[in-house]
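The values are calculated or read from the model by the stated rules, or taken from the named source; none is laboratory data. All values derive from a computational prediction rather than experimental measurement. Note: ideal-geometry Cβ built from the backbone for every residue, glycine included; neighbour counts use all protein chains shown. Calculation scope for accessible area: heavy atoms of the full protein, side chains included, ligands and nucleic acids excluded. Shrake-Rupley method; radii C 1.70, N 1.55, O 1.52, S 1.80 Å.
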Amino acid sequence: MRSSSSPEICVCVTGLLARLTGISQALKVMSVVHQLSPGWLLDHLSFINKINYQVHQYLEPCCSKNKPTSSVHLDSRHVNSVSSFGSSAILIASDFTIKPENSDGRNCEIFIQKYVFRSELFDVTIPYITSGIHKECQQNNEKEDLMNDVKKEISISTIGKKRKRCVVFNQGELDAMEYHTKIRGLILDGSSQLIQEGFKSGFLHPPSEKWDKSSDPITLPVDTCNLSELCEMAKHLPSLNEMELPALQLMEDDVSITEQNLFSQVVENNSSFTKMITLMGQKYLLPPKSSFLLSDISCMHPLLNYKKTYDVIVIDPPWQNKSVKRSNRYSYLSPLQIKQIPVPKLAAPNCLVITWVTNRQKHLRFVKEELYPSWSVEIVAEWHWVKITKSGEFVFPLDSPHKKPYEVLILGRIREETALPLRNADVKVLSIPDHKLIVSVPCTLHSHKPPLAEILKDYIKPDGEYLELFARNLQPGWTSWGNEVLKFQHVDYFIALASRS
């Protein structure tokens with residue numbers, strides 16, 4: 001019989017404390033650096049790294065029954081290996097704890113691996129286009145009276161020739177200029193206040209000479225497992241569209257799932273720690289208390305069969321534009337396809353719907369005039385995400401005629417025609433203010449949007465259900481759906497930390 005002071009029990013207590021700490025971290029992930037009247041200054045990288053990215057793996061033979069058996073599984077071969085991501089990869093080190101005796105009366109040693117997101121993916125130190133280049137592009141443009149005539153022609157001298165050519169702005173470009181004129185002051189003044197606060201606290205830093213030097217290019221994971229193509233193939237699996245399966249819950253000791261489960265069921269990681277799965281040879285990290293469905297828009301029925309309605313739905317549609325049409329890298333949806341997303345069936349009463357919109361006025365008008373009315377969503381606010389460098393500069397010149405340093409969020413509430421009971425109806429929430437700014441250093445990965453959970457906490461009921469559509473990453477406490485929903489959970493976007501003694 002062991003004494004109460006045995007090393008095994010002490011280690012078990014340590015493991016229990018670590019487990020409780022993990023739960024706390026998963027529930028209290030902070031991203032707001034400063035909050036002022038214009039809006040919020042966010043730290044996206046800090047939000048990711050305060051998620052409890054700890055993978056628990058059993059190492060002792062007595063736990064061999066838990067070893068994975070299928071091609072989609074919790075991975076235990078990552079021990080003492082080297083990350084394949086770029087030259088900055090480090091050896092994976094470990095923490096160990098002891099699990100209480102199993103059914104054979106033997107202790108199982110647990111390997112705990114901690115991960116953090118790669119900080120260089122947020123290393124935006126200089127603008128993508130410098131103001132000097134921008135000024136050179138503007139030299140032949142008239143400044144203030146672009147709005148006077150719908151089809152105003154601007155003469156631009158052609159070098160080495162006496163003749164002039166005319167540039168005609170189309171209606172979409174003129175609409176964009178008019179919109180920019182309306183919000184320019186809001187963007188400039190509000191951002192300046194939040195940026196100055198960032199300088200005072202040391203979160204932002206003035207430009208330095210070392211930042212001006214070009215850094216080595218960042219090596220991104222080779223997408224040998226194309227998630228969107230995988231979803232396309234999954235549609236042809238036998239009887240996939242006829243199945244109605246409950247959610248697949250990955251509990252503390254669950255270790256294996258099949259490919260078909262990924263496409264036919266919502267997958268839940270209900271544990272307090274991160275799970276690592278392998279899909280077509282690629283490893284992905286599933287945060288604690290998160291759930292997801294990997295599918296495209298034609299296979300959303302498992303999400304509808306999930307029998308949940310949501311208090312917040314965030315949507316980041318793959319908007320069609322010229323660059324996307326010229327490239328095969330990204331798929332896009334037509335306005336008609338976006339309207340067919342079953343938001344009314346997924347929304348709880350008084351659900352807050354938030355849609356990310358590009359700066360094309362065509363898309364903005366579509367959301368306001370067609371999409372939201374078709375979903376019975378009433379617009380309550382229009383916010384802007386302002387992208388800055390680590391030195392507080394706009395990533396693009398504010399008045400650039402091409403790319404702007406901001407994107408739009410349209411916020412609305414589901415209008416209920418019938419009196420349905422509200423979740424936590426006795427809890428009062430603040431009305432959503434208009435014209436707020438979200439200012440942050442963007443991730444260099446395409447379409448990796450900043451987190452909204454902490455910003456929204458004052459405007460939504462506690463203990464609500466949250467859904468992200470067209471997601472490319474997972475969050476604790478959220479259900480995520482999309483045909484690339486695991487993309488930014490790829491293990492090569494993370495670094496395995498060495499443990500401290």
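The residues on offer are MET251, MET280, and the sole one that is at pLDDT below 85, touching a Ser or Thr at 6+ places or on another chain (Cβ under 7 Å) and over 22 Å from LYS449 (Cβ atoms) is MET251.
Residue count for the range 454-500 under the criterion of being farther than 21 Å from VAL267 by Cβ and assigned to a strand (DSSP E or B): the result is 2.
A residue that is modelled with pLDDT of 50 or more and under 30 Å from THR444 (Cβ atoms) cannot be found anywhere in the range 136-144. Might you let me know whether the range 410-433 holds any residue that is assigned to a loop (DSSP other than H, G, I, E, B), open to solvent by 70 Å² or more (accessible area, probe 1.4 Å), modelled with pLDDT of 95 or more and not aromatic (Phe, Trp, Tyr)? Among the residues of the range 410-433, not one is assigned to a loop (DSSP other than H, G, I, E, B), open to solvent by 70 Å² or more (accessible area, probe 1.4 Å), modelled with pLDDT of 95 or more and not aromatic (Phe, Trp, Tyr), which makes the answer no. Contact map, the range 279-301: residues that are touching a residue at least 40 places away in the same chain (Cβ under 8 Å) paired with residues that are of a type in the set (D, E, K, R) and open to solvent by less than 10 Å² (accessible area, probe 1.4 Å), Cβ distance under 9 Å, separation 6+ or inter-chain. Pairs shown: LYS283/ASP75. Among the residues of the range 350-378, the ones that are farther than 18 Å from LEU469 by Cβ, open to solvent by 10 Å² or more (accessible area, probe 1.4 Å), outside any loop (DSSP other than H, G, I, E, B) and not charged (D, E, K, R) come to 3 in all. Of the residues contained in the range 321-332, one or more are found to be within 30 Å of ILE195 (Cβ to Cβ) and not small (Gly, Ala, Ser). Looking at TRP319, is it open to solvent by less than 60 Å² (accessible area, probe 1.4 Å), in contact with a His (Cβ under 8 Å, 6 or more places away or on another chain), modelled with pLDDT of 90 or more and closer than 22 Å to SER298 by Cα? So TRP319 passes the test.
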